[in-house]
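Since the structure comes first, as structure tokens, the remarks are kept for the end.
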Ligand code: ADP
Ligand code: MG
């Protein structure tokens, strides 16, 4: 087969040659195909270039859109307005003078504009109070002399590329790159093969790939450009969702040798012994889980719910159903202390059950590592393991070589999405156990359609009755004395308090010192009449456990914690949490911490303490982030995080904001999920596209699991070429 011309070297493009081709190769552009897919990061619409006097007229005539003018920098000045700087850059063009104004990033923009330079300025113009035409925070592009005249610039929508240093060194700029790409498109775009089935292109009226590539570089209209981006994003999401659908199909194709159904009165009797009634959401989740357990294929279900919504009890009932059928269940917790807490709680439930209904004698065993065991102990453990109905341990332990004989259900209480490989390991242990994953924090919809998309999902969307939302406050450090007084006052009503400090550094010595300093300062200072406990990350888990138990038993009024108090810890009478240096915590982490209180019937309080100036300014930040410097952006994000906590109790909303703030590059779990990373689509904004791609992909796989029909052959071909490693988990191939 002749080599596809798209794979040939960039050398064959006029003005490239071996030297420049080498420079291109250094930034990853080797073939003509690479160049065609090197898309501009933005465009400038020069179809609408007018002179400044025409722009003024348009405005007077009521025109209300974006306008581009080209002018030379005349002068720059910074004025002070209510304590803040305002930068004005005066430009002139044949039509006269006009102003560009910046309120943010002043230093950055001031250094940017030098008298005599030519810029294209685009924005929605307005008229200043001095009657001058002005552009506020406009888009702008520096134009070289050559550029302001050449063919590739005037009267079109012009692409702008990221030009890495390696290319600049070889004198390649926007203009020369435009010419090279224009040549590549006219000579080679005929060789581009379509990657989306025609029926889907038609369904959404999307342009063919060939068309899109041209438009992404040199669009005839903004609309054409938008549709081409949509196409690229959709394509990427479609392939991702097909992989998700195939993984799910693969899970579903496994046959398990059991069908777990409620057999005896065990579950009903258990419910009678609970001190509360399950919420409707808990019942719904339970119903979905019961249906899965009864099926012939293993359950793969994600149980979502906000912190404190009561996921554990749902999992416990699922484990009872397994026991009812003579199968063991395993509960994996993320840390020893949580495993231990689960064991204590669940043992409590089981002994209450056995007291009231002596016919239901269930056994639980806790498996924890960390110390060497005698032969006798090991034998005892082995026997307990054999006889247990419920086995509890940590993730780590189950990765070691513990053998399970009769496990029907595995419950994973997880902090994060754990990897495919880990899951594979787990599944290799039992005879295809049913798997229930409890997520520690709510997962935004876009993530549950992608990274978690192969799992069925149950959502506990309501909190237990009588639960009051935690009141959250933001306070400056100077309020600390008042806050400590509040802690003391509330102690009279039986409130216990957590006081949390961020981890200063990842160094043992520093952490220990910080912990001890906080502790001695407080216990000898403001809180000297109170019983104060200390817990920190460098303690052994048994030691932490002991302190937690003392706190739960009210031996301490206040617990100081340097690192994060363990996710999931449940101390019913701790109803105040003070989080110091709250600006140093992530949003999900803050929400988890807040979830440590408000677990009983009384009003709980969460006090976020931060720098005084930050506490005072948080609600006054502007929302225009586009031209912020990175320092400003960080400050802005911090403000949004703190504000979100104060104004929101709903974990799903908090998770959405968190996702948006972090951005797609920093989402925990995408890499671990084993799916390809997204280049074009953005999981934080493209919810609608994800949803369409998902529906299409699942419907395709449902009808044509091996992708053998002619109309889907293009999908099959591309999957096998590009995603063969991911496909190990599927039935195509
Ligand atoms: P999470 O979903 O954060 O894991 P837990 O399972 O730890 O939450 O439950 C939080 C607390 O709420 C526990 O003390 C639990 O006993 C209690 N709880 C669970 N379900 C209910 C309910 N329906 N009514 C009242 N309290 C409940
Ligand atoms: Mg929990």
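The values are calculated or read from the model by the stated rules, or taken from the named source; none is laboratory data. For clarity, every value in this text was computed on a predicted model and none was experimentally measured. In this analysis, Cβ positions are derived from the backbone assuming ideal geometry, glycine residues included, and neighbour counts consider all displayed protein chains.
With respect to (1) without any contact (Cβ under 8 Å) to a residue 40 or more places away in the chain; (2) crowded, with 17+ Cβ neighbours inside 10 Å; (3) closer than 22 Å to residue 634 by Cα, the lone exception for residue 110 is condition (2). What are the residues in segment 71-99 that are within 41 Å of the chain's Cα centre (by Cα) and farther than 27 Å from residue 617 by Cβ, if any? Result: 89, 99. Condition check for residue 560 on (1) part of a loop (DSSP other than H, G, I, E, B); (2) more than 16 Å from ligand 1 (Cβ to nearest atom); (3) crowded, with 23+ Cβ neighbours inside 10 Å: one failure, at (1). Evaluating residue 279 against the criteria (1) within 16 Å of ligand 2 (Cβ to nearest atom); (2) not assigned by TED's automatic domain parsing to the domain that holds residue 345 leaves one unmet condition, (2).
Take residue 196 and tell me if it is part of a loop (DSSP other than H, G, I, E, B) and touching a helix residue (DSSP H, G or I) at 6+ places or on another chain (Cβ under 6 Å). It would help to see each step written out before you state the result.
Values: part of a loop (DSSP other than H, G, I, E, B): yes; touching a helix residue (DSSP H, G or I) at 6+ places or on another chain (Cβ under 6 Å): yes.
In short, yes.
Any residue at all in segment 53-69 that is over 20 Å from residue 185 (Cβ atoms), modelled with pLDDT of 90 or more and within 41 Å of the chain's Cα centre (by Cα)? So far as segment 53-69 goes, yes, one or more of its residues are over 20 Å from residue 185 (Cβ atoms), modelled with pLDDT of 90 or more and within 41 Å of the chain's Cα centre (by Cα). From the list 259, 309, the one residue that fits, being buried (at least 17 other Cβ atoms within 10 Å of the Cβ) and touching a helix residue (DSSP H, G or I) at 6+ places or on another chain (Cβ under 9 Å), is 309. Looking across 320, 293, 283, 274, one residue alone is farther than 13 Å from residue 435 by Cβ and away from ligand 1 (no atom under 13 Å from the Cβ). It is 320.
Within segment 521-540, the set of residues being surrounded by 13 or more Cβ atoms within 10 Å (Cβ to Cβ) and within 19 Å of residue 502 (Cα to Cα) comprises 522, 523, 532, 533, 534, 535, 536, 537, 538, 539. Of the residues in segment 351-371, not one is touching a strand residue (DSSP E or B) at 6+ places or on another chain (Cβ under 8 Å), within 16 Å of ligand 1 (Cβ to nearest atom) and touching a residue at least 40 places away in the same chain (Cβ under 8 Å).
State whether the residues of segment 215-226 include one that is free of Cβ contacts under 8 Å to residues at least 60 places away in the same chain, closer than 25 Å to residue 681 by Cβ and out of contact with any helix residue (DSSP H, G or I) (no Cβ under 7 Å at 6 or more places or on another chain). Yes; the residues of segment 215-226 include at least one that is free of Cβ contacts under 8 Å to residues at least 60 places away in the same chain, closer than 25 Å to residue 681 by Cβ and out of contact with any helix residue (DSSP H, G or I) (no Cβ under 7 Å at 6 or more places or on another chain). Residues in segment 374-414 that are exposed (fewer than 12 other Cβ atoms within 10 Å of the Cβ), within 21 Å of residue 335 (Cα to Cα) and modelled with pLDDT of 70 or more: there are none.
For segment 10-86, the helices (runs of 4 or more DSSP H) that sit wholly inside it and include 3 or more residues that are not assigned by TED's automatic domain parsing to the domain that holds residue 141 are 17-26, 32-36. Checked against (1) in contact (Cβ under 8 Å) with a residue 12 or more places away in the chain; (2) more than 17 Å from residue 143 (Cα to Cα), residue 69 passes all but condition (2). Sort out which residues of segment 36-52 are touching a helix residue (DSSP H, G or I) at 6+ places or on another chain (Cβ under 9 Å), within 27 Å of residue 12 (Cα to Cα) and modelled with pLDDT under 90, and write them in order of number. Once the filter is applied, which keeps residues that are touching a helix residue (DSSP H, G or I) at 6+ places or on another chain (Cβ under 9 Å), within 27 Å of residue 12 (Cα to Cα) and modelled with pLDDT under 90, segment 36-52 yields only 43.
Taking segment 199-223 as the range and being touching a strand residue (DSSP E or B) at 6+ places or on another chain (Cβ under 9 Å), in a helix (DSSP H, G or I) and surrounded by fewer than 20 Cβ atoms within 10 Å (Cβ to Cβ) as the test, only 222 passes. In the set (1) assigned by TED's automatic domain parsing to the domain that holds residue 39; (2) buried (at least 17 other Cβ atoms within 10 Å of the Cβ), the condition left unmet by residue 173 is number (2).
Yes/no per residue for (1) under 28 Å from the mean Cα position of the chain (by Cα); (2) over 28 Å from residue 592 (Cβ atoms):
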{"site": "278", "(1), (2)": "no, no"}
{"site": "283", "(1), (2)": "no, no"}
{"site": "289", "(1), (2)": "yes, no"}
{"site": "311", "(1), (2)": "yes, no"}
{"site": "316", "(1), (2)": "no, no"}
{"site": "319", "(1), (2)": "no, no"}
{"site": "325", "(1), (2)": "no, yes"}
{"site": "330", "(1), (2)": "no, no"}
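Residues that are within 16 Å of ligand 2 (Cβ to nearest atom) and closer than 23 Å to residue 291 by Cα were ranked within segment 418-441; the one that is modelled with the lowest pLDDT is 439.
Only one entry in 565, 578 is surrounded by 21 or more Cβ atoms within 10 Å (Cβ to Cβ), away from ligand 2 (no atom under 14 Å from the Cβ) and more than 24 Å from residue 663 (Cβ to Cβ), namely 578. Has segment 362-378 got at least one residue that is closer than 18 Å to residue 273 by Cβ, assigned by TED's automatic domain parsing to the domain that holds residue 272 and more than 37 Å from the chain's Cα centre (by Cα)? Within segment 362-378, one or more residues are closer than 18 Å to residue 273 by Cβ, assigned by TED's automatic domain parsing to the domain that holds residue 272 and more than 37 Å from the chain's Cα centre (by Cα). Being modelled with pLDDT of 95 or more, under 30 Å from residue 243 (Cα atoms) and touching a strand residue (DSSP E or B) at 6+ places or on another chain (Cβ under 9 Å) holds for only one residue in 448, 458, 479, and it is 458.
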